[in-house]
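The values are calculated or read from the model by the stated rules, or taken from the named source; none is laboratory data. What you are looking at is a predicted structure, and each value in this text was computed from that prediction instead of being measured. Cβ: placed from backbone, ideal geometry, glycine included. Neighbour counts: every protein chain shown. The area values use the complete protein model at the heavy-atom level, side chains included, leaving out ligands, DNA and RNA. Shrake-Rupley method; radii C 1.70, N 1.55, O 1.52, S 1.80 Å.
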Amino acid sequence: MKKQSVIIIDKRNGKQYEFDIKSGSSGPDVVDLTSFYSKTGMFLYDPGFSSTASCSSEITFIDGENGLLLHRGYKIEDLAEKSDYPEVCYLLLNGELPSRENKIKFINILTHHTMLHEQILRFYSGFRRDSHPMAVMVGIVGALSSFYSEKTYDFSSKEGKWVAISRLLAKLPTMAAMAYKYSLGQPFIYPKNELNYSENFLHMLFSTPGQEYIPTKASIDAMDKLLILHADHEQNASTSTVKIAGSSGANPFACVAAGVASLWGPAHGGANESVIRMLNLIEKEENIKKYILKAKDKNDPFRLMGFGHRVYKNYDPRANVLRKYCHNLLKEIDSFNIPLFRLANKLEEIALNDSYFIKKKLYPNVDFYSGIILKALGLPESMFTVIFAVARTVGWISQWKEMTESTETKINRPRQLYNGNTKKEFVEINKRKNKKEFFLSELKN
Ligand code: SDX
């Protein structure tokens, strides 16, 4: 077959450069520009990487135009309807759905690693009680790297990788629930081996020593689907953060802590918390139009949180599935008419018919409904991104594992377009002028 390639012509000197085109199993082709700098002496410029493929991967595929999300080839709708979170974890990590026997063994391993080393519990008391739970999670997940260190484990080996993978998947719910309990001033609740993944997580979040929390089927289903729908999403900001950290060979627990930090941002995983805060700000249906105008105003920083996506330029398929479980849960707890849910539905209806949002292809994303489900489950906004971090841990660690096994992997070290000073003569301090700097004003003379 004829070699597929592109020719780039530098019109300043007529020089031509040829680069190969690579095709994947689905989605856009890529131009292999690995040798671009060595051939042309120039860098590529793509801040935000909206036109850049950072790697090749077999784990997740998104077709943004057609609202398609596949995990190892399986549609997210099928996985959400017919599978459960541990099974999706197995699929993301191993490339295939587990047999019944393998699923039981996999779950058994996770079940027997849900406890934390007792000394880790002491880290919590170092945080202010009013800390954002994501600040606690960054610290506690990072601390795991001191309990699973290179002294004891070789994380470049198959065995070492599986220790990191199994401990992270097993312990994130325990750590997250403890961050919530710490914020309430309530005692930590230990995991119970007889409960399944989502049940155990809800138990640790809501039981107290005096009162066992028995989650309803709708709550367990809602949590399980939330975890599945947030599990992995190609090379998003937090996954790329984990992989950039991992590309230097850093401890996988420390890499996941970096992913927690990136997910926290309101433009990314922090959006579900921002959606509820936005709905509370809008407060009533008659205020929706005013806020839609603010969202469209270039001079107004207000954005419609839970809308828009870097890749989905159509409906986020996850929002579709979540909407259904949101309905089921609210119906079951007889809160179907909670003003927040009604307001969210009305906002979605108005935004989807607004020419600006249609033109910009801004549809509800996964975060639009996840916040309402989490609120219906009884969690405060500050815990929403923590639940997202629990779910996304399998995506982070699956993509980390794939990266460590790839022959293409090198330390990630982007270059830049430099616009700074070129040549300055050194000036002795007694010849330098005073400049008023805001950061110096706070210092008392
Ligand atoms: C997640 O990457 C992933 O896969 C992320 C995620 C995952 O699973 O990992 O899917 C999870 O992070 C979902 C996104 C959650 N974030 C939000 O809901 C925050 C609100 N959304 C925006 O911040 C924004 O839409 C982003 C960050 C999600 C995407 O931004 P892009 O692709 O960089 O697009 P952009 O900011 O350049 O916006 C394009 C245009 C702009 O107008 P112009 O400058 O072209 O005139 O659309 C406008 C923006 O002003 N726009 C919005 C908007 N989002 C984009 N206008 C109003 N409200 C919004 N929400």
**Request:** Kindly provide the pair-distance distribution of the range 123-167 built from C-alpha pairs, with 5 Å bins from 0 and whole-percent values in order of increasing distance.
**Result:** 5, 19, 25, 15, 13, 12, 8, 2, 0
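For the range 5-53, what relative contact order do you get, as a whole percent, if you take Cα pairs closer than 8 Å and at least 6 residues apart? Walk me through the numbers before you get to the answer.
Details: 46 pairs, mean separation 11.5, N = 49.
Relative contact order here is 24 percent.
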**Asked** Which GluC sites (Glu not before Pro) from the range 1-70 combine a DSSP loop assignment with at most 16 other Cβ atoms within 10 Å?
**Response** GLU58, GLU65
**Prompt:** Could the peptides 391-399, 408-416 be put in order, highest first, of the mean number of other beta-carbon atoms found within 10 Å of their residues?
**Reply:** 391-399, 408-416
**Request:** Restricting things to alpha carbons, find the Rg to Rh ratio for the range 253-363 using the Kirkwood radius for Rh.
**Result:** 0.99
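Order the following by accessible area, largest value first: PHE439, PHE201. Probe radius 1.4 Å; ligands, DNA and RNA are ignored.
Details: PHE439 105, PHE201 0 Å².
Reading off the accessible areas and sorting them downward yields PHE439, PHE201.
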**Separation of alpha-carbon centers, the range 75-105 and the range 367-445, rounded to whole Å** = 32
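Mind scanning LYS75/LYS410; LYS3/LYS161; LYS151/LYS171 and naming the pairs with a C-alpha gap bigger than 27 Å? Walk me through the numbers on the way to the answer.
On the way: LYS75/LYS410 31 Å; LYS3/LYS161 38 Å; LYS151/LYS171 21 Å.
Over 27 Å apart, Cα to Cα: LYS75/LYS410; LYS3/LYS161.
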**Request:** Could you tally the net charge around ILE107, taking each other residue with its Cβ under 10 Å from the Cβ of ILE107, Lys/Arg +1 and Asp/Glu -1?
**Result:** 0
**Asked** If the cut-off is 17 Å between C-alpha atoms, which aspartates and glutamates fall inside it for LYS361, apart from same-chain ones fewer than 8 positions away?
**Response** ASP63, GLU65, ASP297, ASP316, GLU348, GLU349
**Message:** I'd like to know which of PHE127, LEU379, PRO414 lies farthest towards the positive end of the charge dipole of the chain, counting +1 on Cβ of Lys and Arg and -1 on Cβ of Asp and Glu.
**Reply:** PRO414
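Can you tell me which of 21-28, 203-210, 431-438 comes out highest on packing, and rank the rest after it, using the mean Cβ neighbours within 10 Å?
On the way: 21-28: 11.0, 203-210: 17.0, 431-438: 6.2.
Most protected by this proxy first, the peptides run 203-210, 21-28, 431-438.
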**Request:** Would you work out the relative contact order for the range 304-445, in percent, from Cα pairs under 8 angstrom that are 6 or more residues apart?
**Result:** 29
**Asked** Taking only Cα atoms, what is the 0 to 90° angle, nearest 10, from helix 197-206's long axis to the longest principal axis of the chain?
**Response** 70
**Carbon plus sulfur fraction of accessible area for the chain, probe 1.4 Å, in percent** = 53
**Prompt:** Which ³J(HN,Hα) values in Hz, rounded to whole numbers, follow from the phi angles of the range 283-299 under the Karplus curve 6.51 cos²θ - 1.76 cosθ + 1.60, where θ = phi - 60° and Gly and Pro get x?
**Reply:** 6, 10, 4, 5, 8, 4, 4, 4, 6, 5, 5, 4, 5, 8, 7, 4, 8
**Item:** Under Karplus coefficients 6.51, -1.76 and 1.60, residue-wise ³J(HN,Hα) of the range 360-373 in Hz, glycine/proline x
**Value:** 7, 6, 9, 10, x, 9, 4, 6, 5, 9, 4, x, 5, 5
**Asked** What list of ³J(HN,Hα) values in whole Hz, one per residue of the range 419-431 in order, does the Karplus curve 6.51 cos²θ - 1.76 cosθ + 1.60 (θ = phi - 60°) give from phi, with Gly and Pro shown as x?
**Response** 10, x, 4, 9, 10, 10, 7, 5, 10, 4, 4, 6, 9
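Can you compute the helix-only [θ] at 222 nm over the chain? Use -39500 (n - 2.57) per DSSP H run of at least 4 residues, normalise by all residues, nearest 500 deg cm²/dmol.
Numbers: 19 runs with 221 residues, N = 445.
So the helix-based figure for the chain works out to -15500 deg cm²/dmol.
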**Prompt:** Can you give the three extents of the C-alpha atoms in the range 5-53 along their principal axes, from longest to shortest, in whole Å?
**Reply:** 37, 24, 17
**Sequence-distant residues sharing a close amide H with HIS113 (under 5 Å, placed H)** = none
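What does the highest-first list of 106-116, 45-55, 162-172 look like by mean Cβ count within 10 Å? Before the final figure, lay out the partial values.
On the way: 106-116: 17.0, 45-55: 11.8, 162-172: 21.1.
With the highest mean Cβ count within 10 Å placed first, the list reads 162-172, 106-116, 45-55.
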**Message:** Whole angstrom only: what separates the Cα centroid of the range 166-185 from the Cα centroid of the range 24-58?
**Reply:** 38
**Request:** Using only Cα atoms, tell me the angle between helix 158-184 and the longest principal axis of the chain; keep it within 0 to 90° and round to the nearest 10.
**Result:** 60
**Asked** What's log10 of I(q)/I(0) for the chain at q = 0.09, 0.13 Å⁻¹, Debye sum over Cα points only, no solvent?
**Response** -0.67, -1.24
**Prompt:** What is the helix-to-structure angle for 252-263, meaning the angle in degrees between its Cα long axis and the longest Cα principal axis of the chain, kept from 0 to 90 and rounded to the nearest 10?
**Reply:** 90
**Request:** Pick out, in residue order, every one of the GluC sites (Glu not before Pro) in the range 111-191 that is DSSP loop and has at most 16 other C-beta atoms within 10 Å; say none if there are none.
**Result:** GLU150
**Request:** Determine the per residue accessible area of the chain with all protein chains present and a 1.4 angstrom probe, expressed in square angstrom.
**Result:** 54
**Message:** Below 8 Å between Cα atoms, with a sequence gap of 6+, how large is the relative contact order for the chain in percent?
**Reply:** 19
